[in-house]
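Peer 1: For reference, the structure I am asking about is given below.
The values are calculated or read from the model by the stated rules, or taken from the named source; none is laboratory data. These numbers were taken from a predicted model, which means no experiment stands behind them. A quick note on method: Cβ atoms are made from the backbone with ideal geometry, for glycine too, and the neighbour counts reach across all protein chains shown. In case anyone asks, the SASA skips ligands and DNA or RNA and just uses the protein heavy atoms, side chains included. Shrake-Rupley method; radii C 1.70, N 1.55, O 1.52, S 1.80 Å.
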Amino acid sequence: MSILEIKSKESCQYDLVSLGEVMLRLDPGEGRIRCTRQFRVWEGGGEYNVARGLRRCFGQRTAIVTALADNDVGRLVEDLILQGGVDASFIKWAAFDGIGSSVRNGLNFTERGYGIRGAVGVSDRGHTAVSQLKPGDIDWESLFGEKGVRWFHTGGIFAALSETSAAVVEEAMAAAKKYGTIISYDLNYRPSLWKSIGGQEKAQEVNRRLAKYVDVMIGNEEDFTACLGFKVEGVDANLSTLPIDKFKTMIDKAVSEYPNFKVTATTLRAVKTATVNDWGAISWAGGEFYEATHRPNLEILDRVGGGDSFASGLIYGYLNFGDPEKAVNYGAAHGALAMTTPGDTTMANLKEVEKVVGGGGARVDR
């Protein structure tokens, strides 16, 4: 029997539905935010990126539940979502007031970093439509009970946006649990989101409450510490080493406290420079640990979205193989490929992921 009892494809309209924000990312390319004269635009968001990766790279049926202000910026974000193949029919549109004093769309300015200069993100997300979602706004009974969803994904970015967003997550998880939908949650700790509403103490209060619903818990070492209070011994502030045995000890503690976790997964990233990282992942499932192929000195173009692409590859592995070892390796390979291209979202395809999983190199393919 599979570790996760996933509903059949035939009984459900969607393989995965994500709940979260979608922002307009403005990227100065090789320049810097503070002095650029031009930006490229992308869409992105921690929870959304997982749905897009599963659709665009892995060909799964996905949808995003979010909210946008109904103006041209919101419609641009919608257009980008549609280009990625994600079902946008669950977007809740909020009337725009002409100024943005009551509702607006989120902007995310992100520079990639290079060498000794780390990546920088400057988010502008006050009064966003998605942060104003509240319980009762979404018909979860129809989504999970009538249309059918095999897997539901959300995370700590959306949960941190407001008091009501955390309540929406709990409402959605309760409905998903009622209908036997697998629930995954990426802790995705962002200090900037929590610092004005209580910091780590508030993050732990919210995430520990939500963790009781979760089947598949995802996060890196900082996430598990900041959001759930589980520390990893032997990790320095610069994350220059990856003590895998210490990560395993931490996960053992987490699954002991939360027996509802059927799977946990952690990316392993040692940051040597902004453009060279050691990259890997481990996963706990059914009482055993599974470790992805370790990739030391991985060259990075744009690290943003690497963890989200790991999550989508991991979920694909479970949806299609039910195999923990394949799942963690598909996740790590997809994350590695996503970081070789600009933007939050993946530009990889399944054939490329399978090549990397199989040990294929970077020789020219023609």
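Peer 1: Carbon and sulfur atoms: what percent of the 1.4 Å accessible area of the chain do they account for?
Peer 2: 49
Peer 1: In what order, largest first, do Val130, Val271 sit by accessible area if the probe radius is 1.4 Å?
Peer 2: Result of the area sort, largest leading: Val271, Val130.
Peer 1: Hey, another quick one. May I have the convex hull volume per residue, in Å³, for the Cα set of the chain?
Peer 2: 138
Peer 1: Right, here's the next one. Counting only Cα atoms, I'd like the Rg/Rh figure for the stretch 227-366, Kirkwood definition for Rh.
Peer 2: Rg/Rh: 0.97.
Peer 1: A further question on this structure: Quickly rank 251-263, 88-100 as a protection proxy: mean count of other C-beta atoms within 10 Å, highest first.
Peer 2: Those peptides, ordered most packed to least, come out 251-263, 88-100.
Peer 1: If you take the beta carbon distance between Lys246 and Trp93 as r and set R0 to 41 Å, what does 1/(1 + (r/R0)^6) give as a FRET efficiency, to the nearest 0.05?
Peer 2: Calculated transfer efficiency: 0.30.
Peer 1: Report Rg(Cα)/(2.2 N^0.38 Å) for the stretch 65-176, keeping two decimals.
Peer 2: The value comes to 1.19.
Peer 1: Moving on. Where only protein heavy atoms count, and the probe is 1.4 Å, what is the accessible area per residue for the chain in Å²?
Peer 2: 42
Peer 1: Same structure again: Can you list the lysines whose alpha carbon sits under 23 Å from that of Lys253, skipping same-chain ones fewer than 8 residues off?
Peer 2: In chain and number order, the partners are Lys202, Lys212, Lys231, Lys262.
Peer 1: Hey, another quick one. Any idea what % of Cα-Cα pairs in the stretch 1-123 are farther than 23 Å?
Peer 2: Of the Cα pairs, 42 percent sit more than 23 Å apart.
Peer 1: A follow-up question, please. For the stretch 125-246, just say rounded, prolate or oblate: build the C-alpha gyration tensor, square-root its eigenvalues into a ≥ b ≥ c, call rounded for a/c under 1.5, and beyond that prolate if a/b exceeds b/c, oblate if not.
Peer 2: Oblate, because a/c is 1.5 or more while a/b does not exceed b/c.
Peer 1: In the Gaussian network model of the chain, springs joining C-alpha atoms below 10 Å, which of Ile116, Ile138, Ile81 carries the largest mean-square fluctuation?
Peer 2: The residue that fluctuates most here is Ile116.
Peer 1: Right, here's the next one. Can you give the helix-only mean residue ellipticity at 222 nm for the chain, where every DSSP H stretch with n ≥ 4 adds -39500 (n - 2.57) and the sum goes over all residues, rounded to the nearest 500 deg cm²/dmol?
Peer 2: -10000 deg cm²/dmol
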